[in-house]
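The values are calculated or read from the model by the stated rules, or taken from the named source; none is laboratory data. Source: prediction; values computed, not measured. As a convention, Cβ positions derive from the backbone with ideal geometry for all residues, glycine included, and neighbour counts pool all protein chains shown.
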Amino acid sequence: GAVVSQHPSWVICKSGTSVKIECRSLDFQATTMFWYRQFPKQSLMLMATSNEGSKATYEQGVEKDKFLINHASLTLSTLTVTSAHPEDSSFYICSARDARGIRNTEAFFGQGTRLTVV
Amino acid sequence: RKEVEQDPGPFNVPEGATVAFNCTYSNSASQSFFWYRQDCRKEPKLLMSVYSSGNEDGRFTAQLNRASQYISLLIRDSKLSDSATYLCVVIPGSSNTGKLIFGQGTTLQVKP
């Protein structure tokens with residue numbers, strides 16, 4: 001399958017600081033990227049959908065000013081958690097798909113980023 | 001009502017057992033369905049797509065019942081390595097946006 005690389009795999013930061021998470025599609029062009037968050041023993045919850053070159057669409061209840069998403073190229077999307085607080089500690093994971101071509105349905109996941117805010 | 005619902009389990013079964021998971025979805029216009037597997041602290045990995053005619057891949061069989069809006073996953077001859085959380089995933093609606101909606105996941109523990 002296609003490869004999606006997410007970095008960093010884990011990060012610990014102080015409360016009030018910002019953290020940037022990168023998601024790269026290595027061998028295909030990702031026209032759409034999705035950002036999910038997963039708390040322990042819970043499902044992956046979609047936070048936002050981003051299409052290359054346009055603003056992200058946020059799910060209800062997700063603060064767009066707190067979770068900044070940039071999808072400036074077909075291979076890179078970033079999620080910045082601004083002014084992080086302990087309640088933002090979670091597993092963040094991206095997935096990417098190419099809406100063109102024969103494999104336009106399957107989404108490929110990054111390895112996830114475990115964020116701990118202290 | 002959640003868009004995708006699963007029994008979280010856990011399902012504890014002995015090696016060699018057959019186990020089945022069900023999942024229900026609320027949007028009758030949904031067109032694409034998948035089962036993903038997620039190991040602890042890892043990203044989900046696609047296990048199999050679910051087609052209207054059902055599909056089988058080795059010990060795994062997936063079925064779709066559109067009338068009742070549920071999908072199922074059957075695992076035969078369970079192995080220890082099958083222990084994981086199985087996520088039911090739906091692409092809602094008829095538009096091909098690719099937005100995946102996940103169920104809570106069903107945890108399977110296969111014991112020797």
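Summary table below
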{"read-out": "The listed residue being more than 27 Å from A:S9 (Cα to Cα), loosely packed, with under 14 Cβ neighbours inside 10 Å and either of a type outside the set (V, I, T) or touching a residue at least 60 places away in the same chain (Cβ under 8 Å) (or both), out of B:S78, B:S49, B:S28", "value": "B:S28"}
{"read-out": "Elements of type strands (runs of 3 or more DSSP E) contained in the range B:16-72, each with 2 or more residues being among the hydroxyl-bearing types (S, T, Y) and under 23 Å from B:E3 (Cα atoms)", "value": "B:19-25, B:32-38"}
{"read-out": "Selection count where residues are small (G, A, S) and within 12 Å of the chain's Cα centre (by Cα), scope the range A:29-79", "value": "4"}
{"read-out": "Filter pass, B:V19 being modelled with pLDDT of 95 or more and within 13 Å of the chain's Cα centre (by Cα)", "value": "yes"}
{"read-out": "Scan of the range A:1-18 for residues that are in contact with a Phe, Trp or Tyr (Cβ under 9 Å, 6 or more places away or on another chain) and modelled with pLDDT of 90 or more, ordered by number", "value": "A:V4, A:Q6"}
{"read-out": "Candidates A:S43, A:S83, A:S54, A:S50 - the one that is closer than 20 Å to A:H7 by Cα and either more than 14 Å from every other protein chain (Cβ to nearest Cβ) or out of contact with any Ser or Thr (no Cβ under 7 Å at 6 or more places or on another chain) (or both)", "value": "A:S83"}
